[in-house]
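The values are calculated or read from the model by the stated rules, or taken from the named source; none is laboratory data. Not measured: the values here are computed from a predicted model. Protein only, heavy atoms only, side chains kept; ligands, DNA and RNA dropped before computing areas. Shrake-Rupley method; radii C 1.70, N 1.55, O 1.52, S 1.80 Å.
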Amino acid sequence: MAAVAALIPAMLGVTTATASAHTAHPAPKADAAVVTLTYDASQAGQWAGAISQGAQNWNAAVHNVRLEPATSPGSANFVYVATSGWPQTTLGPIVPGGRRGEVQLGQEAVDEGYAMTRITAHETGHILGLPDDYSGPCSELMSGHGPGPSCTNAKPSAAEAAQVDRNYAGDAAAPAPKRQQIVIDAWPAPALAGAH
Ligand SMILES: [Zn+2]
């Protein structure tokens with residue numbers, strides 16, 4: 001029994017020694033090393049304003065990657081398309097020279113009352129390699145529908161911006177995932193959101 005009792009404090013000691021090195025924002029890269037990701041919004045119709053505001057919000061928050069409209073649709077690293085369903089997006093990080101990403105901006109989320117700019121900035125977060133965090137607060141983009149339609153925040157939190165900067169911090173940016181993954185975002189109204 002004495003041996004077992006002695007083990008417990010030792011185990012607790014291990015679990016409390018959590019790493020704290022993951023919160024630091026990486027140093028900005030030299031200008032020449034910033035990754036430019038280009039997008040095509042020519043098939044996104046009424047989402048144009050939300051797309052440009054969402055890109056502006058990301059560009060203001062991150063240092064290692066920059067979102068810019070493509071000079072020609074064919075050259076874009078990712079594309080925004082307006083659809084009638086739920087939003088869905090290729091999970092990045094999308095990198096230049098890799099496979100092309102696609103953001104489907106689904107009208108269904110707008111019909112449920114969610115702000116177009118928040119939807120667009122959230123889906124763009126997936127392009128930049130962020131997963132969903134539906135239980136997060138309104139101050140996060142990746143909380144998506146979680147805080148409900150009254151949450152119109154369209155700017156990433158400091159932690160989200162730091163994660164994106166880490167995703168694009170390497171010399172050749174982050175390696176793209178080997179298998180293509182699509183994130184489908186239902187943005188249900190609150191009554192529906194609480195049902196599961
Ligand atoms: Zn999502």
- Full extension from A82 to C138: what is 0.36 nm times the residue separation minus their Cα-Cα distance, to one decimal in nm? 17.7 nm
- Net length gained if the chain between A159 and Q180 were fully extended (0.36 nm per residue, minus Cα distance): 5.1 nm
- Task: With a 1.4 Å probe and every protein chain left in place, tell me how much accessible area S42 has, in Å² to the nearest 10.
- Result: 90 Å²
